[in-house]
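Read through the structure below, which is laid out as C-alpha coordinates, and then see the notes.
The values are calculated or read from the model by the stated rules, or taken from the named source; none is laboratory data. This is a predicted model, so every value here is computed, not measured. Note: ideal-geometry Cβ built from the backbone for every residue, glycine included; neighbour counts use all protein chains shown. In case anyone asks, the SASA skips ligands and DNA or RNA and just uses the protein heavy atoms, side chains included. Shrake-Rupley method; radii C 1.70, N 1.55, O 1.52, S 1.80 Å.
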Amino acid sequence: IILTSAAPAQPAADTVNGRFLLIFDTSSGMKSRVPATQYAVERLFLSMMNGQLHPEDGIGVWAFDRKLRTGQLPLQRWVPQDAATIASKITNFVIHQHYSRSARFDAIMPAVNNLVRSSQRLTVLIFSDGSGQIKGTPYDEAINSSFKQHERALANAKATFIVVLRGQSGQY
(Lines give C-alpha, C1' and ligand atoms only; values in the text may rest on other atoms or scores of the structure.)
Protein backbone atom coordinates (compact mmCIF):
# COMPACT_ATOMS: atom_id res chain seq x y z
CA ILE A 1 0.00 0.00 0.00
CA ILE A 2 1.34 3.41 -0.90
CA LEU A 3 -0.01 6.24 1.19
CA THR A 4 -0.10 9.66 -0.38
CA SER A 5 -1.32 13.07 0.58
CA ALA A 6 -4.36 14.51 -1.12
CA ALA A 7 -2.45 17.78 -1.55
CA PRO A 8 -0.54 18.00 -4.84
CA ALA A 9 3.21 18.36 -4.59
CA GLN A 10 4.63 21.65 -5.73
CA PRO A 11 6.62 21.39 -8.92
CA ALA A 12 10.33 21.32 -8.21
CA ALA A 13 12.71 23.77 -9.78
CA ASP A 14 14.53 22.23 -12.74
CA THR A 15 17.90 23.14 -11.23
CA VAL A 16 17.35 21.24 -7.98
CA ASN A 17 18.40 17.60 -8.00
CA GLY A 18 15.98 15.39 -6.14
CA ARG A 19 16.90 13.04 -3.38
CA PHE A 20 15.22 9.73 -2.70
CA LEU A 21 15.65 7.81 0.52
CA LEU A 22 14.47 4.22 0.82
CA ILE A 23 14.20 2.98 4.40
CA PHE A 24 13.70 -0.72 5.06
CA ASP A 25 12.18 -2.18 8.23
CA THR A 26 14.24 -5.24 9.17
CA SER A 27 11.98 -6.54 11.92
CA SER A 28 11.16 -10.24 12.08
CA GLY A 29 7.72 -9.45 10.60
CA MET A 30 9.37 -8.30 7.38
CA LYS A 31 11.30 -11.53 6.72
CA SER A 32 8.37 -13.19 4.97
CA ARG A 33 7.72 -9.99 3.00
CA VAL A 34 11.15 -9.78 1.37
CA PRO A 35 9.88 -11.05 -2.03
CA ALA A 36 7.09 -8.44 -2.04
CA THR A 37 9.57 -5.75 -1.06
CA GLN A 38 11.95 -6.81 -3.84
CA TYR A 39 9.12 -6.73 -6.37
CA ALA A 40 8.03 -3.26 -5.21
CA VAL A 41 11.57 -1.88 -5.45
CA GLU A 42 12.02 -3.28 -8.96
CA ARG A 43 8.69 -1.84 -10.14
CA LEU A 44 9.43 1.57 -8.60
CA PHE A 45 12.78 1.85 -10.37
CA LEU A 46 11.55 0.52 -13.69
CA SER A 47 8.80 3.18 -13.58
CA MET A 48 11.40 5.78 -12.49
CA MET A 49 9.39 6.28 -9.28
CA ASN A 50 6.30 6.90 -11.35
CA GLY A 51 8.16 9.50 -13.41
CA GLN A 52 9.47 11.43 -10.40
CA LEU A 53 13.08 10.19 -10.65
CA HIS A 54 15.33 12.28 -12.88
CA PRO A 55 18.92 11.84 -14.08
CA GLU A 56 21.49 12.60 -11.37
CA ASP A 57 18.95 12.41 -8.52
CA GLY A 58 20.50 10.85 -5.43
CA ILE A 59 19.24 7.58 -3.97
CA GLY A 60 20.06 6.67 -0.38
CA VAL A 61 19.23 3.47 1.48
CA TRP A 62 18.80 2.97 5.23
CA ALA A 63 17.61 0.05 7.34
CA PHE A 64 16.15 -0.06 10.82
CA ASP A 65 14.79 -2.22 13.57
CA ARG A 66 15.27 -0.72 17.03
CA LYS A 67 18.25 1.20 15.64
CA LEU A 68 18.83 3.14 12.45
CA ARG A 69 21.55 1.81 10.16
CA THR A 70 22.93 4.13 7.50
CA GLY A 71 25.90 3.96 5.17
CA GLN A 72 25.65 0.23 4.45
CA LEU A 73 24.95 0.91 0.78
CA PRO A 74 26.69 3.84 -0.94
CA LEU A 75 24.62 6.72 -2.28
CA GLN A 76 23.51 5.99 -5.83
CA ARG A 77 23.14 8.55 -8.64
CA TRP A 78 20.19 7.86 -10.91
CA VAL A 79 21.13 6.99 -14.47
CA PRO A 80 18.04 5.72 -16.31
CA GLN A 81 20.07 3.21 -18.35
CA ASP A 82 21.23 1.65 -15.06
CA ALA A 83 17.72 1.13 -13.62
CA ALA A 84 18.03 -2.66 -13.44
CA THR A 85 21.51 -2.50 -11.87
CA ILE A 86 20.46 0.04 -9.24
CA ALA A 87 17.31 -1.93 -8.40
CA SER A 88 19.40 -5.11 -8.15
CA LYS A 89 21.88 -3.49 -5.72
CA ILE A 90 19.02 -2.37 -3.51
CA THR A 91 17.14 -5.67 -3.63
CA ASN A 92 20.36 -7.53 -2.80
CA PHE A 93 20.78 -5.18 0.16
CA VAL A 94 17.24 -6.08 1.30
CA ILE A 95 17.84 -9.83 0.91
CA HIS A 96 21.03 -9.78 2.96
CA GLN A 97 19.67 -7.90 5.96
CA HIS A 98 19.43 -9.60 9.32
CA TYR A 99 15.70 -9.77 10.18
CA SER A 100 14.96 -9.97 13.89
CA ARG A 101 13.28 -8.19 16.76
CA SER A 102 10.73 -5.48 16.24
CA ALA A 103 11.07 -2.16 14.46
CA ARG A 104 10.59 1.22 16.08
CA PHE A 105 9.78 4.23 13.96
CA ASP A 106 11.24 6.48 16.65
CA ALA A 107 14.62 5.05 15.58
CA ILE A 108 14.30 6.75 12.18
CA MET A 109 11.93 9.69 12.44
CA PRO A 110 14.32 12.23 14.08
CA ALA A 111 16.86 11.61 11.29
CA VAL A 112 14.15 11.71 8.60
CA ASN A 113 12.76 14.98 9.96
CA ASN A 114 16.25 16.52 10.04
CA LEU A 115 16.84 15.45 6.46
CA VAL A 116 13.49 16.90 5.34
CA ARG A 117 14.33 20.22 7.00
CA SER A 118 17.70 20.39 5.24
CA SER A 119 16.54 19.31 1.76
CA GLN A 120 15.28 21.24 -1.22
CA ARG A 121 13.50 18.18 -2.57
CA LEU A 122 13.33 14.81 -0.83
CA THR A 123 11.12 11.76 -1.24
CA VAL A 124 11.24 9.18 1.54
CA LEU A 125 9.86 5.67 1.04
CA ILE A 126 9.51 3.58 4.19
CA PHE A 127 9.00 -0.15 3.59
CA SER A 128 7.39 -1.67 6.66
CA ASP A 129 5.04 -4.30 8.02
CA GLY A 130 2.93 -1.54 9.59
CA SER A 131 3.49 -2.49 13.20
CA GLY A 132 4.23 0.45 15.43
CA GLN A 133 3.35 4.08 15.05
CA ILE A 134 4.93 6.90 13.10
CA LYS A 135 5.33 10.17 14.98
CA GLY A 136 6.77 13.42 13.74
CA THR A 137 5.05 14.10 10.42
CA PRO A 138 1.93 16.11 9.65
CA TYR A 139 0.36 12.83 8.45
CA ASP A 140 0.86 10.61 11.51
CA GLU A 141 -2.81 10.07 12.24
CA ALA A 142 -3.68 9.02 8.69
CA ILE A 143 -0.63 6.77 8.34
CA ASN A 144 -1.18 5.03 11.68
CA SER A 145 -4.88 4.60 10.95
CA SER A 146 -4.06 2.94 7.63
CA PHE A 147 -1.54 0.68 9.37
CA LYS A 148 -4.25 -0.54 11.75
CA GLN A 149 -6.87 -0.87 9.06
CA HIS A 150 -4.75 -2.92 6.65
CA GLU A 151 -2.21 -4.66 8.90
CA ARG A 152 -3.92 -8.07 8.96
CA ALA A 153 -4.73 -8.19 5.24
CA LEU A 154 -1.18 -7.24 4.26
CA ALA A 155 0.28 -9.75 6.73
CA ASN A 156 -1.87 -12.53 5.26
CA ALA A 157 -0.79 -11.52 1.75
CA LYS A 158 2.86 -11.12 2.86
CA ALA A 159 2.70 -7.65 1.35
CA THR A 160 4.59 -4.54 2.39
CA PHE A 161 3.37 -1.13 3.41
CA ILE A 162 5.16 1.65 1.57
CA VAL A 163 4.80 5.03 3.21
CA VAL A 164 5.79 7.88 0.91
CA LEU A 165 6.72 11.23 2.43
CA ARG A 166 7.70 14.23 0.31
CA GLY A 167 9.70 17.19 1.53
CA GLN A 168 10.13 20.39 -0.44
CA SER A 169 12.11 23.43 0.63
CA GLY A 170 12.58 22.04 4.11
CA GLN A 171 8.94 21.16 4.85
CA TYR A 172 6.64 18.17 4.39
Of 119-131, 138-150, 52-64, ordering from highest average Cβ density within 10 Å down gives 119-131, 52-64, 138-150
Hey, can you find the accessible area per residue of the chain for me, probe 1.4 Å, expressed in square angstrom?
-> 52
Could you calculate the contour length gain from Asn156 to Ser102, that is, 0.36 nm times the residue separation minus the distance between their Cα atoms, to one decimal place in nm?
-> 17.6 nm
Where the accessible area of region 46-131 is counted over protein heavy atoms with a 1.4 Å probe, how much of it, in %, is carbon and sulfur?
-> 51
Out-of-range pairs (alpha-carbon distance over 20 Å; input Lys31/Lys89; Lys67/Lys89; Lys89/Lys135) | Lys67/Lys89; Lys89/Lys135
Using the Kirkwood formula over every pair of different C-alpha atoms, what hydrodynamic radius in Å results for region 20-172?
-> 15.6
Between region 41-98 and region 113-140, the Cα center-to-center distance that results, in Å = 16
What's the extension gain from Asp82 to Ala142 if we count 0.36 nm per residue and subtract their Cα-Cα distance?
-> 18.1 nm
Might you report the magnitude of the Cβ-based charge dipole of region 35-118 about its Cα centre, with Lys and Arg at +1 and Asp and Glu at -1, to the nearest 20 debye?
-> 360
Using only protein heavy atoms and a 1.4 Å probe, report how much of Thr37 is accessible, in Å² to the nearest 10.
-> 0
